[in-house]
1. Identify, by number, the condition in (1) in contact (Cβ under 8 Å) with a residue 24 or more places away in the chain; (2) surrounded by fewer than 16 Cβ atoms within 10 Å (Cβ to Cβ) that L368 doesn't meet.
2. Do you know which residues across the range 188-215 are within 16 Å of the ligand (Cβ to nearest atom) and more than 15 Å from V142 (Cα to Cα)?
3. If you go through the range 162-173 one residue at a time, do you hit one that is in contact with a helix residue (DSSP H, G or I) (Cβ under 9 Å, 6 or more places away or on another chain) and under 28 Å from M381 (Cα atoms)?
4. Select, from R383, R379, R448, the only residue that is within 15 Å of Y363 (Cα to Cα), crowded, with 20+ Cβ neighbours inside 10 Å and of a type in the set (K, R).
5. May I ask you to list the residues in the range 324-378 that are among the β-branched types (V, I, T) and in contact with a Leu (Cβ under 8 Å, 6 or more places away or on another chain)?
6. Give the residue, chosen from G75, G69, G34, that is assigned by TED's automatic domain parsing to the domain that holds T421, part of a loop (DSSP other than H, G, I, E, B) and either more than 16 Å from the ligand (Cβ to nearest atom) or of a type outside the set (S, T, N, Q) (or both).
7. Taking the options R167, R138, R219, name whichever one is over 22 Å from the mean Cα position of the chain (by Cα) and either away from the ligand (no atom under 16 Å from the Cβ) or not assigned by TED's automatic domain parsing to the domain that holds L447 (or both).
8. Which is over 21 Å from V113 (Cβ atoms) and outside any helix (DSSP H, G or I), of E146, E153?
Amino acid sequence: MKQRSWAEPWKVKMVEPLTMTSPRERRVALDAAGFNTFLLRSEDVYIDLLTDSGTSAMSDRQWSALMRGDEAYAGSRNYYELESVVHEVYGYREFIPTHQGRGAEFILSQLQVKPGQWVPGNMYFTTTRYHQELAGGRFIDVIVDEAHDSESEFPFKGNVDLAKLQRLIDTSGRKGIAYLSLETNVNMAGGQPCSMENIRATCALCHHHGIPVYLDATRCVENALFVKCREPGFEQHTIPQIVREICDQTDGCTMSGKKDSLVNIGGFLALNDLTLAEEARNLLVCHEGLQTYGGMAGRDMAAMAVGIRESIEEPHIRARVGQVHYLGQRLLDAGVPIVRPLGGHGIYLDAARFLPHLARCEYPAQALAAAIYLDSGVRTMERGAVSAGRSPDGAEIFPKLELVRLTIPRRVYTQAHMDVTAESIIEVFEHRSEIQGLRMVHEPKRLRFFQARFEPIVA
Ligand SMILES: *Cc1c(COP(=O)(O)O)cnc(C)c1O
């Protein structure tokens, strides 16, 4: 059969002009930002691939839902709409709205982590681990080894290593473990999915020992597509069926609506345990807001209810992941070192292989993100040593993966934007030996990657 092109299942109704900058202007902007792409002004950015968090384009249905916001302090109609959609799509008995994912992570960690307990996870996410540690917990990585190998083609690099988990249970016992933190489409591993088989086995092992499992459902829909496409036996399952089956294995979830759910702000905590939900609502009213709005306006909840329904439509999720893979394939064809297999929400450049002449303490991924911005105004993000921060004893952590993330916002950019991005990265790759390492000149105490400042190490 002849190759047929595919295209997005939507068309553009409104446009937002982008700023075009000169190399000189970008140099000035980068200096002012201390070589940290988080500190750039968005006006100075051409194609913004910093994150897919809260950067999605809403549909006309979502925008019209905004106008139906019921801004009552208590009992907003939109709360009940959102509750019913969450219940239908994700399952779980109790729904607790929060302003975004970390609001849910804070509440869950405060309630379920006792000081000194381990919190095993399939790799970590920055805010998730931060809240676990803030509550006195100790994060321990139980992801499969393949996840740390950017060249492994293993299709389910998000999987939990059951032997690592078993060892932890043997040495610490049930009381030493708060819960298992299970992430789908693991962000820090490059958007890599877990298989359903692994999710089932992991949850069975935990539950056998009385250990709860809380899902980070932020990118569960993306994970569901990979299960459908890669895991034998799931070809005929629908995306909603797979999402539900993942959630049904677990005891609750934290959710950032800013990713899968196609909204600019929002999140929730969902639980099966009524007593725990009651305690969560007690914390919610202190830190977020009343139980029928959490941190969200009525209109935000309305837009999220529509967004969740759109997020599980198969043409949508195929187009979303398809665009990521289009960019990834262009880079692979040019020989640029990227994490494989291609993930669900972005492309990860392997900065350690891209810039082998830089030592890890010269922050190669940070330097590469700066070089790409200088070349084209494309904004990316460091996901390596700067993001990993320091261990509780103060030593810098140098994770195995030193990556630059190109995250694709949902329904925002066109194929031509992906082409411009690929061409810029290929150009930077051809001139990679000219890129200098960086020295950190300002280091915030917590989540340092957001605000750290750097200077080039001039040889
Ligand atoms: C974004 C994200 C979070 C945190 O959610 P926020 O809405 O940004 O607070 C947690 N886990 C994962 C995997 C995420 O991608």
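1. Evaluating L368 over (1) in contact (Cβ under 8 Å) with a residue 24 or more places away in the chain; (2) surrounded by fewer than 16 Cβ atoms within 10 Å (Cβ to Cβ) leaves (2) as the failure.
2. Within the range 188-215, G190, G191 qualify.
3. Checking the range 162-173: not a single residue is in contact with a helix residue (DSSP H, G or I) (Cβ under 9 Å, 6 or more places away or on another chain) and under 28 Å from M381 (Cα atoms).
4. R383
5. Matches in the range 324-378: V324, V336, I338, V339, I347, V378.
6. Values: G75 fails: assigned by TED's automatic domain parsing to the domain that holds T421; G69 fails: assigned by TED's automatic domain parsing to the domain that holds T421.
The conditions single out G34.
7. Only one candidate qualifies: R167.
8. E153
The values are calculated or read from the model by the stated rules, or taken from the named source; none is laboratory data. Predicted model only: the values in this text are computed from it and were never measured. Ideal geometry is used to build each Cβ from the backbone, glycine not excepted, and the neighbour counts take in all protein chains shown.
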